[in-house]
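Note sheet for the following structure.
The values are calculated or read from the model by the stated rules, or taken from the named source; none is laboratory data. Since the structure is predicted, the reported quantities are computational estimates derived from the model, not experimental observations. Glycine gets a Cβ as well: all are built from the backbone with ideal geometry, and neighbour counts include every protein chain shown. Side chains included, ligands, DNA and RNA excluded: accessible areas come from the protein's heavy atoms. Shrake-Rupley method; radii C 1.70, N 1.55, O 1.52, S 1.80 Å.
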Amino acid sequence: MSNIEIHRSREQAASQSHAADCTCGEVNEDLPEFDVQTIPHAIRHSAIFGAIDALKPGAALIISATHNPIPLLSQLEARYGDQFTTKYLERGPERWRILIRNAA
């Protein structure tokens, strides 16, 4: 297990203007990219859907994979209907990148 370093106090983190939802001190990226190959296969889709569930209306993320994630996109549509939109940003052959946005 790696060591965790704390670079500021909780009070400093809470005083940051970007900490409205969380006081961890981290800044939300405008468009986070989620490299799904870093997630163990057994929990990959669950982890991706956890990230998607966390998207507020209008927010988006990019998933990046080494294959075309057609089964995942089918599950996304079956699970959420048109609540989320998808757009391919890159179509292989080595990397597929897809923008997923909460359209609600």
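Inside segment 81-102, can you point out the residues that are in contact with a helix residue (DSSP H, G or I) (Cβ under 8 Å, 6 or more places away or on another chain) and free of Cβ contacts under 8 Å to residues at least 24 places away in the same chain? Thr86 - this is the single residue of segment 81-102 that is in contact with a helix residue (DSSP H, G or I) (Cβ under 8 Å, 6 or more places away or on another chain) and free of Cβ contacts under 8 Å to residues at least 24 places away in the same chain.
Of the residues making up segment 68-88, those that are surrounded by fewer than 13 Cβ atoms within 10 Å (Cβ to Cβ) and either in a loop (DSSP other than H, G, I, E, B) or in contact with a Leu (Cβ under 7 Å, 6 or more places away or on another chain) (or both) are Gly81, Asp82, Lys87.
Does Ala42 fit the bill of being surrounded by 13 or more Cβ atoms within 10 Å (Cβ to Cβ), in a helix (DSSP H, G or I) and either of a type outside the set (A, V, I, L, M) or modelled with pLDDT under 95 (or both)? Here the answer is no, as Ala42 does not meet what is asked. Checking each residue in segment 51-67 for being open to solvent by less than 40 Å² (accessible area, probe 1.4 Å) and not in a strand (DSSP E or B) picks out Ala51, Ile52, Leu55, Ala59.
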